[in-house]
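The values are calculated or read from the model by the stated rules, or taken from the named source; none is laboratory data. Quick caveat: nothing in here was measured; it's all calculated off a predicted structure. Note that we place each Cβ from the backbone using ideal geometry, even for glycine, and neighbour counts take in every protein chain shown. Areas reflect the complete protein model, heavy atoms only, side chains present, ligands, DNA and RNA absent. Shrake-Rupley method; radii C 1.70, N 1.55, O 1.52, S 1.80 Å.
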Amino acid sequence: MLSKVYSSATFGVDAYVVEIEVDVSEGLPGTVMVGLPDAAVRESKDRVRAALRNSGFKHPGRKITINLAPADIKKEGPSFDLPIAIGLLASTGQLRGSSYGDYIVLGELALDGSIRPVKGVLPIAMAARGAGRRGLIVPGDNCAEAAVVKGIDVFPLGHLVEVVRFLEGNLSIEPASLELESEFQESRKYGVDLADVKGQAHVKRALEVAVAGGHNLIMIGPPGAGKTMLAKRIPSIMPLPGLEEALETTRVHSIMGFMGPGRSILGTRPFRSPHHTVSDAGMVGGGAYPKPGEVSLAHNGVLFLDELPEFKRNVLEVLRQPLEDGVVTISRAVGSITFPARFMLVAAMNPCPCGYFTHPTKACRCTPVQIQRYISKISGPLLDRIDIHVDVPPLGQEEILSDSTSGPSAEVRERISRARNIQNERFRSQGVWCNSQMGSRHLRRYCRIDSGVRQILRQAIEELGISARAYTRILKVARTIADLEGAGRISESHISESIQYRSLDRNLWM
């Protein structure tokens, strides 16, 4: 007897419907599975057999053929356990009725028949809604995540027996409901605050400027100066994400299985801090059947690279495309997959291999050649995409012992949001969303300078060795500083502050 059950799988950041055909016929006992299943899918036959028997059902001792369509796309993961079990029960007459064809079914089966959570439920729920199915049957732990999608009924179930009773009409379950707006507002809280950081007022100012204009930033300072602590608080001063942004971010984390039980949506900006031993595939995504990397997990948030010169050269070079385009495209034999990757790059590094060059009290053990070799590990093309370089000195005794705090993140975020609103209005319908993305045409139009500003820039080029590429970065940052003050034109004070944020361009480091 033949039965058809519908499930779903992910491909990139999207999902598609999978039709599972189960045929039980006369012949030598055995199970044949076709449709490009991976090892985890092929092993489902053993999990399903044990789950059926331990749930009081009979496993057919006949020839079983299982087809996963479309047959030309690789099927991955254990989420097909439950629909395969339902197909076997329907094909052997142990499941009465045909309502199982009205639902998208997914879930991993434990050997006792209980249903375990799976990855990618949010994009799967979106695909189920688009497919016009009556509802979605999911593991209980994935309920909140699936219920985010409106327009489709979500039924959370915890055991194979419950699923059978529900499909036969012997168990009444109300569709899961979620107050998305209240859940979203509740999830928009950060556990850290910029006011936690003592001192470093000029660095906090640099962070404010960087976030306001969407500028990439690098912090240079000795160990223990607070670079990592400052970086972790950058998401808390970024404008709060809207619902659409939050859904974009949640979808990527859902595919990787990072949501966790009971979590429905990510209302905060993501912060990703990969170790310097990360591979290029781990950074931008990859594999035979590509999965998102760190740059996609940081989408709409912050990618923090601590000890930047310690990263492999090839890993840093692969960042160039996502920094430029806001997406990362991975080509494999199965096709090309594009993952979102619009993030703010924040890096930190020591000023030299030992870490104490320019330290006020500790002596540096490095030679000038060692320092130059250390700095040169960062390639020019990557450094070209970092607008702000800021020195982070060690805290003095008085700053460490002081109880005074700076403004909280909410206060800084409000100023940044006002500056972002100015930029949104300025670049409306121009394909640009912040000052860091301005091209030559925008610079000529929005970064006009008078003779006083021009004289300061001329002096900086002559005395500090400012390069041509640094010149455009200085103008962009100055435009952001002016926006923070609500000024229409770039003034001398704006350009002077912007020049201070180019530490690595000075002869001191080179």
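Taking amide hydrogens as placed 1.01 Å from N in the peptide plane, the amide H of R116 sits under 5 Å from those of E108, L109, A110, each at least 5 positions away in sequence or on another chain. A viscosity of 1.567 mPa s and a temperature of 4 °C, combined with the Kirkwood radius over C-alpha pairs in the Stokes-Einstein formula, give region 74-180 a diffusion coefficient of 94 µm²/s. For the chain, the longest principal axis of the Cα atoms and the long axis of helix 44-54 meet at an angle of about 60 degrees.
Put simply, the C-alpha atoms of region 80-121 give a gyration tensor, and the ellipsoid matching it has half-axes of 19, 13, 7 Å, longest first. Dipole of the chain (Lys/Arg Cβ +1, Asp/Glu Cβ -1, origin at the Cα centre): which of G101, A85, C366 lies farthest to the positive side? In the chain, that residue is C366.
Couplings 3J(HN,Hα) of region 123-133, computed from phi: x, 5, 5, 5, 5, 5, 5, x, 7, x, 7 Hz, in residue order, whole Hz [Karplus 6.51 cos²θ - 1.76 cosθ + 1.60, θ = phi - 60°; x for Gly and Pro]. When peptides 88-99, 363-374, 107-118 are ranked by their average number of other Cβ atoms within 10 Å per residue, the highest-first order is 107-118, 88-99, 363-374. Charge tally around M229: other residues with Cβ under 10 Å, Lys/Arg +1 each, Asp/Glu -1 each, net +3. Using only alpha-carbon positions in region 435-505, the gyration tensor eigenvalues give semi-axes of 18, 13, 12 Å once each is multiplied by 5 and square-rooted (largest first). Among the cysteines of the chain, those whose beta-carbon sits 4.7 Å or more from every other cysteine beta-carbon are C143, C354, C364, C434, C447. The C-alpha radius of gyration of region 292-378, expressed as a fraction of 2.2 N^0.38 Å, stands at 1.41. Considering Cα pairs under 8 angstrom that are at least six residues apart, work out the relative contact order of the chain and quote it in whole percent. This gives 13 percent for the chain. Per-residue Karplus couplings for region 243-252, computed as 6.51 cos²θ - 1.76 cosθ + 1.60 with θ equal to phi - 60°, are listed in order as 5, 5, 4, 5, 5, 4, 5, 4, 4, 5 Hz, Gly and Pro entered as x.
Each listed q (0.18, 0.24, 0.25 Å⁻¹) maps to a log10 I(q)/I(0) for region 49-115 from the Debye sum over equal C-alpha point scatterers, namely -0.74, -1.26, -1.32.
Between A50 and S336, the simple label model (points 7 Å from Cα in the Cβ direction) yields a spacing of 4.4 nm.
Expressed as a fraction of 2.2 N^0.38 Å, the value expected for a compact globular protein of N residues, the C-alpha radius of gyration of region 159-223 is 2.30.
Here the Karplus curve 6.51 cos²θ - 1.76 cosθ + 1.60, taken at θ = phi - 60°, turns the phi angles of region 98-111 into couplings of 10, 5, 4, x, 8, 10, 8, 10, 8, x, 8, 9, 7, 5 Hz, with x standing for Gly and Pro. Oblate is the label for region 116-173, because a/c, from the alpha-carbon gyration tensor with a ≥ b ≥ c as root eigenvalues, is 1.5 or above and a/b does not exceed b/c. Rounded to two decimals, the Cα-based Rg/Rh of region 188-233, with Kirkwood Rh, is 0.95.
Rg over Rh for region 1-136 works out to 0.94, using Cα positions for both radii and the Kirkwood form for Rh. Shape summary of region 390-510, radius of gyration then Dmax from alpha carbon positions: 16.7, 51 Å.
Taking Cα centre as origin and charging only the Cβ of basic (Lys, Arg, +1) and acidic (Asp, Glu, -1) residues, the dipole magnitude of region 217-272 rounds to 260 debye.
As a check on your grasp of the helix formula, calculate [θ] at 222 nm for the chain: sum -39500 (n - 2.57) over DSSP H runs of n ≥ 4, divide by the residue count, round to the nearest 500. For the chain, the value works out to -10500 deg cm²/dmol. With unit charges on the beta carbon (Lys/Arg positive, Asp/Glu negative), name the residue among A51, L323, H159 whose Cα is farthest towards the positive pole of the charge dipole of the chain. The listed residue farthest towards the positive side: L323.
A simple packing score, the average count of other Cβ atoms within 10 Å per residue, orders the peptides 216-227, 194-205 as 216-227, 194-205, with the highest score first. Tell me the carbon and sulfur percent of the accessible area for region 192-303, rounded to whole percent, probe radius 1.4 Å. Carbon and sulfur atoms account for 56 percent of the accessible area of region 192-303.
Here the mean projected area of the convex hull built on the C-alpha positions of region 330-460 is 15.1 nm².
Its Cα centre serving as origin, region 257-400 has a Cβ charge dipole (Lys and Arg +1, Asp and Glu -1) of approximately 420 debye. Over region 171-306, the hull volume per residue, using the convex hull of the C-alpha atoms, is 150 Å³.
The portion of the accessible surface of region 355-510 made up by carbon and sulfur, rounded to a whole percent, is 49 (1.4 Å probe; DNA, RNA and ligands excluded). Overall, the chain carries a charge dipole of about 1060 debye about its Cα centre when +1 sits on the Cβ of Lys and Arg and -1 on the Cβ of Asp and Glu, all other atoms neutral. Residues in the chain average 43 Å² of solvent-accessible surface per residue, probe 1.4 Å, ligands and nucleic acids excluded.
Its alpha carbons give region 290-335 an Rg and a Dmax of 11.8, 36 Å. Taking 0.692 mPa s as the viscosity and 37 °C as the temperature, the Stokes-Einstein diffusion coefficient of region 215-278 based on its alpha-carbon Kirkwood radius rounds to 234 µm²/s. Here is the P(r) of the chain: all C-alpha pair distances, binned every 20 Å from 0, give 21, 43, 25, 10, 0 in whole percents.
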